[in-house]
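Notes to accompany the following structure.
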Amino acid sequence: MKKWMALMVLCSVSFAHAQAYKGKGDKKAQVGVSVQNGGTGIHVSADFGLGENVSLGLAATYLLASDNYSAYNETIYVTQEPNFIDRFDLKARFNANLGNVFKLNPKMDIYPGLDLGLRNFGAHVGFRYFFTDGFGVYAEAGVPIAKYDKHIEGLERYNNQFVMNIGASFNLQ
C-alpha cells in the first residue's frame with residue numbers, strides 16, 4: 001500500500017500540467033472495456049469541445065464475450081446465438097464537462113451527458129483523470145432512458161441496459 005501511495009504522489013507532482021478539458025476545440029478519445037449483464041466488449045468514444053463546458057461526440061461498443069440468451073418462441077425453447085448487429089451499438093453523445101464548474105483539479109473532469117443510439121436514448125456520467133497532457137484514464141456508467149422497443153427479449157437485451165466502461169483517455173491535440 002505504501003508503494004502505491006508513493007507512486008500516486010510522484011505522479012501527481014510530476015504531471016501537474018495535465019488538463020482534462022480545455023473547452024472549445026478540445027478533442028478527446030477514449031478506448032476501454034465495456035461491461036454489462038450478459039457481455040463484455042470494447043468501448044470507443046470521441047468527444048469534441050464546442051464551448052467552455054459543452055462537447056459533442058460519438059461512441060461505439062462491440063461485445064466480444066457474450067452469453068447466448070434463451071427465449072420462448074411459439075412454445076419452442078430457443079437459444080439464440082448473437083451475430084454482429086446484436087453485439088454492436090453506435091451513439092451520438094452530448095456532454096456537459098463540469099470539472100471547472102466544481103473547481104476540481106484541472107487534471108480531472110466530470111461529464112454527465114445524453115446519448116442517442118441505435119438501441120435507445122440514454123444518459124451517462126463519467127470521470128476522466130489525465131496524468132499528462134495527452135494520456136489519462138476514465139470510468140463511465142450509462143443507462144437507457146427510453147428503449148425503442150417496450151418488450152426487450154433475448155438478444156435485444158444487449159446494449160439496452162446498465163453499462164460500465166473503463167479505460168484510457170487520450171487528448172488528440
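Read-outs throughout are calculated quantities, based only on the coordinates presented, and are distinct from any laboratory measurement. Keep in mind the model is a prediction, meaning the values are calculated, not measured. Cβ coordinates were reconstructed from backbone atoms using ideal geometry, including for glycine residues, and neighbour counts include every protein chain displayed.
In this structure, ASN37 and LEU90 have a Cβ-Cβ separation that, at R0 = 25 Å, corresponds to a calculated FRET efficiency of about 0.80. Computed from label points 7 Å out along Cα-Cβ, the spacing between LEU98 and LYS24 is 2.4 nm.
Working from label points 7 Å from Cα in the Cα-to-Cβ sense, the GLU52 to PHE131 distance is 3.2 nm.
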